[in-house]
Amino acid sequence: MLAVHQLPRLPGAAWLVPAAILTLLALGGQSSPEDCRAPWPRAPRAPLVPRTWLLAALAAATLTAASAAARLDDRLPPELLGGDFAVTGWVDGFPSGPAERTTFSFRVERAEDPAVPRRLRLAWYGAPSTLAAGAAFDLTVRLRPPRGTLNPGGFDYERWLLVEGYGATGYVRSGAAAPDRSPSLARAWMRARRAVADDIAAAAPGESAAALVTALAIGERFGFTEQQWEALRRSGTSHLVAISGMHVGLVAGFVFFAARRLWLRLPAPAVHYDLEAAAALSLAAAIGYAALAGFAVPTQRAVVMTAVALGIVAARRRVGAANGIAAAAVAVTALDPFAVLGASFWMSFGAVALLVWLALRYARRAAKPAPPLARLRSHVRALVLLQLAVGVGLVPITVLFFGEVSFVAPFVNLLAIPYFTLVLVPLTLTAVLAACVGVPGADALIHAAGVLADVAWTWIHAAGGAPFAAAGVSQPQPVIAALALLGAAAALPAHPLPGRSVAWLALLPLVSPFQHRVPEGAADVTMLDVGHGLAVVVETRRHRLLYDAGPSFPSGYDSGADVVLPALARRRWAGLDRVVVSHSDNDHAGGIAAVLRAWPDADVLKGPDVEAFGGRVCAAGQRWTWDGVVFDVLHPAPDFSWRGNESSCVLKITTRHGSVLIPGDAESRAERELALRPDVAADVVVIGHHGSRTSSTPAFVAATGARHALASAGHANRWGFPAAEVVRRWRDAGARLWVTADEGAVEVRLRDGRIELGGQRRARLRYWRSE
């Protein structure tokens, strides 16, 4: 399954025939002519690869390719990009965001154009108060195929859309509530879940408490703020607010033991079916809780794992722990071939495998007789070691998926897991059940759960707010990741091999600041993909500079927080020495505030029209040198009177391997002066004003003599940037064009006597990325 998901293109149906033939040939090679001529019969030769493995691999690849093809077939065709469509359906999730720009999931029941996908991700500007989960609407929407920015360390939005089953994104142009016909079962259940969320919001002591109680009760986390998500991530407690194996297992386990104890009181022959009855009731409770949580993907996985475990118990057979976990993994991936793309799959099965492995070993030790006090000390010590071992064992997975390591997670979870499992979750579910059946005093129970939720938030914010709580790390190289996985396994106290006390050292390269160090005298320049805007990161051996930070909008999107900070966090050890704000336009300066909140000590150099952020005003003639790399400000001159785009800070980075020129939004007047400077020549130029016709004048293009021209522009933007005549002008001058809309983030490496360029879309080419 993983191999199929790494493909740049999905194979067609014709590949199945040769794959099946090759598999059969591999399975059929059991004997040879020498075996037939032997004077006595010989045992058939065992195949090099077990036949079940080959058949399983073929079946898994076929299932994954077919499922992926079905998802891609339900996407909006590229030729319909920007079209308006009339659709009727209902809101199949909880909307999020302010009324100025509310995002929501929409299930299409009827559309005038059959090409409209069945599920849409929409935004509604000035949404009505009636926009709520389960509500039906007649809408006119403007759609586009799934597309997202792609940056180092950033969120892969297109992959998320694929996994969630969205066939198009867009926004509402007009809409009204649809007649409330007889709702489907799915829609009626969504409205019931919304009623539970409304009850929690009305009874909880505050918004933070309501958000956490709602997440634990129905699996919806729309109420969390960015600050709360950051605290959860840095404290390593995000798993506690996602209904998954721990929560479903708690409900299933409680019902199983309670039901079995009651069943054992029945007379024969019913009493002999205690395990079967308890397993059936336990599974029903797990399915009910998953339904309350909306059957989210982690919840479905938890139910499948629970069903496998209960089936083994009800069958009254001894099954090894490894076989049980493997059976659950097979069932989960067979039902959802996209599960392996998510971090939660690997975190869930990794944690369960580690816990089972370590617990079985501890159980053998605990079987030895010991005094009660010594046994208690042994239990406490084992609990601590289990938590620490799971924390260490999951570090490689955490780094691979999130690029961050929480140092406080093992210690925080040591207290948080029992608190959530034994106190907060049981009280929350009891309160919700009481509210659903109309028990008097249910509001008081919800309020009590909210008070306990506020206590949990206090701990989480305190732990996540510590400066040493977590650290961003670079994307590890494959060899380093493999070494870390082996080291983590060898460090666990679950095997008799020597060297456990030092095996954890294999994790250090994951967080080593030397893994991606830029050589002395060299520079790495990355033009991030921020849509319509500009953000460029420049790294030398010991310094880092940010030129602009893209846009921010009242709707909540902030490229500084959503794109720039994750890119910088990959190598947080490098710091941020200087921020250059070219001019005051939002598409360049909008994200600066978020960056400076994270890096308040960074020096600021800004254009003459920028009033915020403090710092100094840039002027031609300013120069500094970092690690053998020279930085020159070429524009504006102190007596330059124009403001706005024309007064953009123009920065040139020069190394002995090559040079890069960043002119911001400088237009024809500024370019006229720059073209007269002999030092304007550069190997790589970031095209001014995103490729507008007001920039890239013939004289300026000729004066730079660039071999590569980079344009930061949004995909299918309304201005048509970069303009066709600008593209032609740069190409006629001998420059190769790189546009973020097509390439994603563009990385330039000036080192080893040459200039290397590459785009994120080329480096991370996958079948789900649109052209």
remark   = Every listed condition ((1) open to solvent by 50 Å² or more (accessible area, probe 1.4 Å); (2) at positive phi) holds for Arg616 save (2)
key: Meets criteria (within 30 Å of Ile325 (Cα to Cα) and either surrounded by fewer than 22 Cβ atoms within 10 Å (Cβ to Cβ) or without any contact (Cβ under 8 Å) to a residue 60 or more places away in the chain (or both)) for Ala178   = no
key: Filter result for Val727 (under 19 Å from Ala745 (Cα atoms), surrounded by fewer than 21 Cβ atoms within 10 Å (Cβ to Cβ) and touching a helix residue (DSSP H, G or I) at 6+ places or on another chain (Cβ under 9 Å))   = yes
key: Among (1) under 27 Å from the mean Cα position of the chain (by Cα); (2) in a loop (DSSP other than H, G, I, E, B); (3) surrounded by fewer than 20 Cβ atoms within 10 Å (Cβ to Cβ) - the single one Trp160 does not satisfy   = (2)
Qualifying strands (runs of 3 or more DSSP E) (wholly inside the stretch 10-125; at least 2 residues being at pLDDT 85 or above and either surrounded by fewer than 11 Cβ atoms within 10 Å (Cβ to Cβ) or over 27 Å from the mean Cα position of the chain (by Cα) (or both)) = 84-91, 102-111
remark   = For helices (runs of 4 or more DSSP H) lying entirely in the stretch 204-316, having 1 or more residues that are surrounded by fewer than 19 Cβ atoms within 10 Å (Cβ to Cβ) and among the acidic types (Asp, Glu) picks out 207-218, 226-235, 274-292
query = Within the stretch 255-277, can you find the residues that are closer than 30 Å to Thr214 by Cβ and without any contact (Cβ under 8 Å) to a residue 40 or more places away in the chain?
reply = Val255, Phe257, Ala258, Ala259
Residue within the stretch 739-751 that is surrounded by fewer than 16 Cβ atoms within 10 Å (Cβ to Cβ), in contact with a strand residue (DSSP E or B) (Cβ under 6 Å, 6 or more places away or on another chain) and touching a residue at least 12 places away in the same chain (Cβ under 8 Å) present = no
ask   = How many residues are open to solvent by 30 Å² or more (accessible area, probe 1.4 Å) and out of contact with any helix residue (DSSP H, G or I) (no Cβ under 9 Å at 6 or more places or on another chain) if we restrict to the stretch 642-656?
value = 2
Matching residues, the stretch 744-757, being more than 20 Å from the chain's Cα centre (by Cα) and either at pLDDT below 95 or not in a strand (DSSP E or B) (or both) = Arg751, Asp752, Gly753, Arg754
task = Name the residue, out of Val423, Val439, Val451, that is at pLDDT 95 or above and over 23 Å from the mean Cα position of the chain (by Cα).
result = Val451
task = Could you check the stretch 620-723 for strands (runs of 3 or more DSSP E) lying wholly inside it with 1 or more residues that are at positive phi?
result = 658-662
inquiry  = Checking the condition open to solvent by less than 40 Å² (accessible area, probe 1.4 Å) and either in contact with a Cys (Cβ under 8 Å, 6 or more places away or on another chain) or without any contact (Cβ under 8 Å) to a residue 24 or more places away in the chain (or both), which residue from Gly691, Gly759, Gly720 passes?
reply    = Gly759
inquiry  = All but one of (1) touching a helix residue (DSSP H, G or I) at 6+ places or on another chain (Cβ under 7 Å); (2) within 26 Å of Pro152 (Cα to Cα); (3) at pLDDT below 85 hold for Val479; state the number of the condition that does not hold.
reply    = (1)
key: Close pairs from the stretch 565-584: first within 13 Å of Trp599 (Cα to Cα) and open to solvent by 10 Å² or more (accessible area, probe 1.4 Å), partner among the basic types (Lys, Arg) and not in a loop (DSSP other than H, G, I, E, B), Cβ under 7 Å, at least 6 apart   = Ala574/Arg544; Gly575/Arg544; Leu576/Arg544; Asp577/Arg544
ask   = Of the residues in the stretch 314-347, how many are without any contact (Cβ under 8 Å) to a residue 40 or more places away in the chain and under 30 Å from Arg233 (Cβ atoms)?
value = 7
key: Members of the stretch 126-157 found to be open to solvent by 40 Å² or more (accessible area, probe 1.4 Å) and assigned to a loop (DSSP other than H, G, I, E, B), listed by number   = Gly126, Pro128, Ser129, Thr130, Thr149, Gly153, Phe155
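The values are calculated or read from the model by the stated rules, or taken from the named source; none is laboratory data. Given the structure is predicted, the values throughout are model-derived calculations rather than measurements. FYI the Cβ positions are ideal-geometry reconstructions off the backbone, even for glycines, and counts take in every protein chain you see. The area values use the complete protein model at the heavy-atom level, side chains included, leaving out ligands, DNA and RNA. Shrake-Rupley method; radii C 1.70, N 1.55, O 1.52, S 1.80 Å.
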